[in-house]
Structure formats: C-alpha cells, structure tokens
Amino acid sequence: MERIDDLQYKGLKIIQNTDGFCFGIDSVLLTEFAKDMKKNSTIIDLGAGTGIIGLLLTKKVDAKKVIGVEIQKDIADMAKRSIELNNLQNTMQIINEDICSLNLEKYSFDYVVTNPPYKKIGTGLINKEDKQFIARHETTVTLDEWIKVSTRLLKDNGSLYMVHRPERLSEIIEILRKYRLEPKRIRFVYPKINKNANLVLIKAVKYANEFLKIEKPFIVYKEDGTYTDEILEIYKEGE
C-alpha cells in the first residue's frame with residue numbers, strides 16, 4: 001500500500017510502498033555526510049530507489065541537476081511521482097535503467113552519490129521476487145562494476161559519496177584505488193555508543209593525492225532508544 005511520508009526537511013515529501021522497500025536512515029546520513037558538495041553542481045545517484053537521496057540533496061546543497069538511476073520500474077515510477085509531488089521536475093529526473101547500460105556522457109558529473117546493495121550474491125536469505133532482495137544484494141551489478149561506472153561518470157577531481165557496511169571496507173578501498181578514486185573522508189556510524197559500527201560513510205575523489213581523514217563517530221541512538229542530539233539537529237535544520 002502506498003503512502004506519502006514527510007521527510008521533515010524543508011517541506012519535502014516522498015511516496016513509498018509499505019509492501020516494498022522503504023528508505024532507511026543510511027540514506028539520510030549519506031546526504032548529511034555529502035553536505036560539503038558545492039552549490040549549483042550536477043549529481044547522479046546510482047541505485048536511487050524511491051529517490052530519497054536526490055530529493056534531500058536538491059535542498060541540502062542547492063543542486064543544479066540531480067539524476068537518479070533505478071533499475072526496478074515500479075520503484076522508478078514511484079520516485080518520478082515524488083519528484084512531481086515536490087515540484088522538482090526542473091531539478092531532478094529519474095532514469096529507469098541498469099547502471100551498466102547507461103548512455104550518459106563520460107566525465108559529466110561533479111558528484112556521484114550512492115547507497116548500493118550491501119550484500120554479495122549468495123549471502124543472506126534469498127527471495128528473488130522480493131524488491132528488498134534486489135535492493136540489498138548485488139544481483140545484476142557487482143561492487144567493482146558499481147565503482148567503475150562511478151569513476152566513468154565523474155569529472156576529474158569529482159567526488160563519490162557512498163554508504164556501505166564496515167565489514168567490506170577493505171574491499172571497497174581496494175576497488176576505489178583500482179579506478180583512481182582516492183578515499184579522503186571516512187565516518188563510521190554506530191547504532192549506540194556501546195555497539196559496533198554498522199555503517200560506514202565514504203568520500204573518494206577522482207585522481208586525488210593520498211590523505212585520509214577518519215571523522216568522529218556518528219552515534220544514532222542514546223541508551224534510552226531516543227535519537228542523539230546530532231540526529232535531532234539534522235531534522236531541526238530542515239524545519
């Protein structure tokens with residue numbers, strides 16, 4: 001069943017289907033991590049899902065153009081309707097395509113942003129008819145291919161922003177460097193202060209020199225289960 005959710009950021013709303021895949025806090029944190037993007041830039045979101053990342057970035061960084069790429073047609077159509085709902089047709093568009101089949105000009109984007117599938121095929125519970133399975137597993141595109149496409153689309157000195165799982169960090173860094181994307185910022189996300197990190201936010205810059213900054217931890221919940229002040233501040237700034 002479809003519903004319209006308030007993103008609690010500058011009046012933005014999003015259409016989601018409760019029977020399908022709804023966005024998580026990982027996408028929200030990625031847009032916060034990417035706020036150092038320059039204004040009036042061109043951005044492409046690979047694996048856009050319902051369009052949550054692109055919608056938030058249109059307002060957070062005043063983007064000139066945001067293109068979202070989503071392989072699942074019904075989800076892509078939902079994202080298109082969210083764009084219309086927010087009157088963002090002049091700023092944002094959705095392409096229903098496999099990222100490896102994109103017919104876009106090389107080196108044409110200032111930024112690539114992505115919340116890719118976290119799991120390799122063959123891991124976790126498998127239900128190939130499940131939209132969540134497609135969103136969470138590398139069913140059609142491997143992480144290597146995902147990053148290869150990213151560097152092809154980026155301008156020289158352009159940046160890739162990604163959220164992923166910490167257990168795959170060494171693999172991610174190896175692939176990034178394979179395609180001349182140098183990790184520059186990393187921030188680990190912890191559900192609570194006494195828990196292990198369950199997400200990692202990464203910024204890599206095309207053709208950059210080596211210099212990596214590990215930023216302070218991002219703690220989501222206090223011990224009582226309520227949001228930390230930093231999470232609350234994200235929503236407060238969007239009022």
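The values are calculated or read from the model by the stated rules, or taken from the named source; none is laboratory data. It should be emphasised that the depicted structure is a prediction, and the values quoted were computed from it without experimental measurement. As a convention, Cβ positions derive from the backbone with ideal geometry for all residues, glycine included, and neighbour counts pool all protein chains shown.
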Which residue is surrounded by the most Cβ atoms within 10 Å (Cβ to Cβ), if the candidates are limited to region 170-193 and must be among the aliphatic types (A, V, I, L, M) and within 20 Å of TYR207 (Cα to Cα)? LEU181
Identify, please: which residue in region 1-34 is in contact with a helix residue (DSSP H, G or I) (Cβ under 8 Å, 6 or more places away or on another chain) and exposed (fewer than 13 other Cβ atoms within 10 Å of the Cβ) and is, among those, farthest from SER159 (Cα to Cα)? GLU2
Quickly run through region 211-232 and pick out the residues that are in a loop (DSSP other than H, G, I, E, B) and touching a helix residue (DSSP H, G or I) at 6+ places or on another chain (Cβ under 7 Å). VAL220
In region 179-213, anything over 18 Å from THR114 (Cα atoms) and not aromatic (Phe, Trp, Tyr) is listed as PRO191, LYS192, ILE193, ASN194, LYS195, ASN196, ALA197, ALA208, ASN209, GLU210, LEU212, LYS213
Residue list for region 7-45, filter: of a type in the set (Ser, Thr, Tyr) and outside any helix (DSSP H, G or I): TYR9, THR18, SER41, THR42
Sort through GLU223, GLU171, GLU233, GLU182 and tell me the only one that's without any contact (Cβ under 8 Å) to a residue 60 or more places away in the chain, under 18 Å from VAL61 (Cβ atoms) and among the acidic types (Asp, Glu). GLU233
Residue under evaluation ALA48, criteria (1) of a type outside the set (Val, Ile, Thr); (2) part of a loop (DSSP other than H, G, I, E, B); (3) more than 29 Å from ILE186 (Cβ to Cβ); (4) in contact with a strand residue (DSSP E or B) (Cβ under 8 Å, 6 or more places away or on another chain), criterion not met: (3)
Test of understanding: among ILE193, ILE219, ILE173, which residue is aliphatic (A, V, I, L, M) and more than 19 Å from LEU30 (Cβ to Cβ)? ILE193
Tally the residues that are closer than 25 Å to THR228 by Cβ and either surrounded by 19 or more Cβ atoms within 10 Å (Cβ to Cβ) or in contact with a Pro (Cβ under 9 Å, 6 or more places away or on another chain) (or both), restricting the search to region 35-48. 1
Residue ID - nearest to the chain's Cα centre (by Cα), chosen from residues in region 194-210 that are outside any strand (DSSP E or B) and surrounded by 10 or more Cβ atoms within 10 Å (Cβ to Cβ): ASN198
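For every residue, the table says whether it meets (1) in contact (Cβ under 8 Å) with a residue 60 or more places away in the chain; (2) assigned to a loop (DSSP other than H, G, I, E, B); (3) farther than 23 Å from ASN103 by Cα; (4) of a type in the set (A, V, I, L, M, F, W, C).
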{"site": "GLY54", "(1), (2), (3), (4)": "no, no, no, no"}
{"site": "LYS59", "(1), (2), (3), (4)": "yes, no, yes, no"}
{"site": "GLY68", "(1), (2), (3), (4)": "no, no, no, no"}
{"site": "ILE71", "(1), (2), (3), (4)": "yes, yes, no, yes"}
Identify, please: which residue in region 128-158 is among the hydroxyl-bearing types (Ser, Thr, Tyr) and modelled with pLDDT under 95 and is, among those, nearest to MET37 (Cα to Cα)? THR142
I'd like the full set of residues that are over 17 Å from the mean Cα position of the chain (by Cα) and either farther than 23 Å from TYR207 by Cβ or in contact (Cβ under 8 Å) with a residue 24 or more places away in the chain (or both), limited to region 101-120. SER101, LEU102, ASN103, LEU104, LYS106, TYR107, SER108, LYS120
